[in-house]
Each structure stands twice: as structure tokens, then as C-alpha cells.
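Asker: Below is a structure I'd like to ask you about.
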């Protein structure tokens with residue numbers, strides 16, 4: 001005689017799931033087409049069919065600990081071919097959206113990020129911080145839109161009548177930009193570390209996959225390196241999602257994500273060089289190595305000349321970023337909403353990144369034209385956008401950069417998916 005298993009669905013969880021993008025999950029009638037057509041789903045206990053069952057029954061514990069929600073790259077093939085329009089791809093995206101909200105501490109931030117109404121208080125934090133700085137510096141310089149010249153003796157920008165538009169003069173890096181972003185960066189790292197810890201703890205409940213012929217389970221570090229090499233830098237899973245029916249929009253999605261990633265890498269290098277040059281030069285001068293300090297400071301000194309390799313790299317990063325954004329935005333706009341939907345998380349992230357790139361380019365253009373009336377407000381919005389991108393990263397869709405990387409590495413370690421070289 002078989003034992004009776006009592007299922008206790010969490011109806012609140014089902015409603016929350018429907019609210020963040022899984023609104024069509026009740027249409028699923030378990031034909032398993034989604035699992036069959038998915039190019040990435042493993043043959044053993046494939047997804048997303050089982051996730052559709054668990055979601056319909058409100059089995060929260062199984063879903064929040066499910067590693068497979070991170071293995072999906074949301075190519076939309078399952079949703080395209082679903083005979084009922086249940087949009088299984090949207091369900092997995094919705095589950096990831098719920099994970100972003102709750103993996104890291106301070107879930108209140110995740111809750112605010114889940115709707116447009118929460119954006120005002122989140123944006124108000126950096127807006128007030130940089131607004132106060134702007135007002136204080138305006139009272140010191142005597143103008144809301146001051147111009148500056150470099151004072152070599154004081155090693156600082158000096159406000160003058162007919163000088164240049166200099167963002168570092170109105171928002172001094174040493175006292176405002178650098179300390180704030182350093183604190184934001186540390187906060188982001190701590191939140192990510194705690195979120196990853198919660199994720200790995202949840203994965204401990206996963207059934208371990210044993211592969212016949214597998215000599216030894218690889219270390220997590222080896223799996224992480226493999227994931228960075230193949231899935232991150234080469235975007236192999238994005239391209240694995242393609243099949244003979246893949247159209248131009250899916251091709252642009254993979255390519256757009258790739259170029260956008262390279263754009264961020266380029267701009268991170270630029271930021272790192274500027275910060276290292278400035279603070280490294282200061283440190284060397286402090287310990288008496290004035291010659292080396294002066295050289296290092298000159299490398300990181302801004303505004304940089306046009307011919308500077310670092311400046312040119314920044315232009316390349318901006319160009320790649322705009323191209324990548326155009327590609328992914330075009331695909332998002334042209335999605336067939338009957339088969340695959342866009343959530344608030346999707347549009348929030350795209351809008352924020354567009355804002356950062358366009359305000360960065362706009363601030364540069366108006367600074368070079370010497371129009372402080374436009375350059376400073378645009379730069380102010382740019383600072384707000386960058387703050388929001390970094391500070392709220394662990395709760396945003398872009399958090400998948402960390403969470404998906406960890407999940408893919410763990411999946412390789414337990415043999416859920418093969419190492420990149422074994423594909």
C-alpha cells in the first residue's frame with residue numbers, strides 16, 4: 001500500500017509569482033512540449049515542465065531552491081511552441097525576479113524595485129545626496145553652473161569667470177564622488193556575498209547528479225573558471241539556445257548582450273585606471289616618491305586629452321554599449337506578447353542602462369561645448385543612474401551576472417550540466 005503525500009500549496013506565493021511575470025502559468029496542461037524543445041534542458045529531470053507543475057501547486061520550497069531556473073537563458077523557444085500560450089519561459093523569468101528580491105538581505109529594496117511606484121524612493125536617495133553636494137559647492141563657488149581652471153600650486157580646480165566646464169570642480173572626486181561610490185561598491189559586494197551564501201545553502205537540497213564514467217568531481221573554482229571562460233566571455237549558452245528556427249532578433253539578442261558586456265568591461269577598466277592613477281599618485285607623493293606620484297597622477301588626471309588611450313577606450317566602450325542596447329531593445333520591443341512578455345524588471349534595467357549611457361555621452365558633449373547649463377544637470381542625472389545601478393545591483397535583473405554565474409558553476413560541479421570543454 002502506497003503512502004499518502006499531503007501537498008500544502010502556498011497560494012500567496014502563486015499570486016506573487018503571477019504578479020511578477022508568471023500570470024499565464026495556469027494555462028499549462030502538462031504536454032511537456034517546453035521541456036522537449038528546450039536546447040539547454042538536461043535529459044534527466046528536464047525543465048521547465050516540472051517548474052510549471054510546482055508553480056501551479058504553489059510548491060514554494062521546491063521552486064526557490066531550484067537550480068534550473070538559473071540554467072534557462074530565456075530564449076523563448078518553449079513559449080513560442082507552447083500550444084496553450086502558458087509562456088513557460090516567462091515563468092522561469094518570474095521565478096528569477098522573485099529570487100532577485102529575496103536572495104540578498106534588505107528585501108525591502110527588492111520589493112521597491114518590483115514596481116514603478118518604488119522607483120521614486122530609490123532614486124531619491126542618490127538625488128538628495130548629490131543635490132546637497134551641488135548646493136554646497138554652488139555656495140562655495142558662487143554659481144550653480146561654475147567654470148574652472150586648474151590651480152597647479154593647490155593641485156585643485158579653482159572657480160573662475162571664463163574657465164571650462166569641469167565636473168570634478170562642482171562634484172570634487174576626493175570628497176564626494178570617490179568616497180560615496182567606494183561605500184556603494186563595498187555595500188554591493190557585501191550584499192552579493194550574503195546573497196550567494198543564501199543561494200548555495202539552498203542548492204544543498206538539490207539532488208546530486210552522478211555521471212557514469214566521471215572520474216572525479218571538479219572543484220568549484222575549476223567550475224567557476226570554466227563558466228567565466230565559456231558562458232560569460234564567449235556566451236556559449238546564448239548561442240546554444242539557437243536552432244534552425246532562430247530569427248534575426250534572437251541573433252541580435254545574443255550579440256547585443258555580448259557587446260554590452262564588453263562595453264561594461266571597457267568602462268570598468270577606464271574607471272579603474274583613473275582611480276588608480278589619482279589615488280595611487282596621491283599615495284606615492286605622501287610617502288615621498290614625488291616623481292612616480294606625479295607620473296601616476298598624470299595618467300589618471302581628468303579631463304583627459306583626446307589622444308589618451310584611456311579616453312579612446314572610453315569612447316569604444318560607449319559605442320559598444322549603445323550598439324548592444326540597440327540590439328537588445330529592438331528584440332524586446334518586437335517580442336510577440338502573446339508568446340513572450342516583458343516584465344517591469346526588463347524595462348527598468350534597459351531604461352536605467354540607456355539613461356547611464358546617454359547622460360554620459362550627453363554630459364561629455366555639452367562639457368566640450370562649454371554649456372554648463374546643460375552639462376551639469378545631465379551629469380547630475382548620470383551620477384544618480386550609476387548610483388542606482390551599483391547600489392541596487394543585488395536586487396535587480398542585472399544581478400544575474402553574479403547569481404547565474406554561481407548557479408552555472410554549481411551545476412557543473414554536481415554534473416547537472418557539462419563543463420564547457422565537454423559540450
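Only the coordinates and a few stated rules stand behind these numbers; no lab work does. Keep in mind that what you see is a predicted model, and the values were worked out from it rather than measured. All Cβ positions, even for glycine, are placed from backbone atoms using ideal geometry, and neighbour counts span all protein chains on display.
Asker: I need to check one value: relative contact order of the range 11-102, counting alpha carbon pairs closer than 8 Å and at least 6 residues apart, in percent.
Answerer: Numbers: 121 pairs, mean separation 37.2, N = 92.
So the answer I get is 40 percent.
Asker: Residue 138 to residue 275: FRET efficiency via 1/(1 + (r/R0)^6), r the Cβ-Cβ distance, R0 25 Å, to the nearest 0.05?
Answerer: Using R0 = 25 Å, I get an efficiency of 0.45.
Asker: Next question, about the same structure. Can you give me the distance in nm between label points at residue 371 and residue 80, each placed 7 Å from the Cα along the Cα-to-Cβ direction?
Answerer: Inter-label distance under the simple model: 4.4 nm.
Asker: Consider a paramagnetic label point 7 Å from the Cα of residue 125 along Cα→Cβ; state which residues of the range 381-423 have an amide N under 16 Å from it.
Answerer: 383-399
Asker: By count of other Cβ within 10 Å, fewest leading, how are 387, 187 ordered?
Answerer: Least to most surrounded, the residues fall as 187, 387.
Asker: Between residue 240 and residue 189, 0.36 nm times their residue separation minus their Cα-Cα distance comes to what?
Answerer: 15.3 nm
Asker: What's the extension gain from residue 29 to residue 315 if we count 0.36 nm per residue and subtract their Cα-Cα distance? Before the final figure, lay out each step's value.
Answerer: On the way: separation 286, 0.36 × 286 = 102.96 nm, distance 5.10 nm.
Result for the pair: 97.9 nm of gain on full extension.
Asker: Return the calculated 222 nm mean residue ellipticity for the chain, to the nearest 500 deg cm²/dmol, obtained by summing -39500 (n - 2.57) across DSSP H runs with n ≥ 4 and dividing by the residue count.
Answerer: The helix contribution divided over the chain gives -19500 deg cm²/dmol.
Asker: Taking 0.36 nm per residue of sequence separation and subtracting the Cα-Cα distance, how much length would be gained by fully extending the chain between residue 40 and residue 268, in nm to one decimal?
Answerer: Result: 79.0 nm gained on full extension.
Asker: Between residue 233 and residue 330, what is the FRET efficiency for a Förster distance of 30 Å, r being their Cβ-Cβ separation, to the nearest 0.05?
Answerer: Step by step, r from the Cβ atoms, then E = 0.80.
Asker: I would also like to ask the following. Could you work out the relative contact order of the chain, using alpha carbon pairs under 8 angstrom and six or more residues apart, expressed as a whole percent?
Answerer: Dividing the mean separation by the residue count of the chain yields 22 percent.
Asker: Hey, could you pull the Cα Rg and Dmax for the range 11-102, both in Å?
Answerer: Final numbers for Rg and Dmax: 11.6, 32 Å.
Asker: Mind pulling the angle between the C-alpha long axis of helix 309-333 and the longest principal axis of the chain? Nearest 10 degrees, somewhere in 0 to 90.
Answerer: Helix 309-333 sits roughly 40 degrees off the main axis of the chain.
Asker: D for the chain, whole µm²/s, Stokes-Einstein with Kirkwood Rh over alpha-carbon pairs at 10 °C and 1.306 mPa s: what number? Write out the running numbers ahead of the final one.
Answerer: Details: Rh = 23.9 Å.
The calculation lands on 66 µm²/s.
Asker: Using only Cα atoms, find the angle between the long axis of helix 400-413 and the longest principal axis of the chain, and express it within 0 to 90 degrees, rounded to the nearest 10.
Answerer: Tilt of helix 400-413: around 50 degrees.
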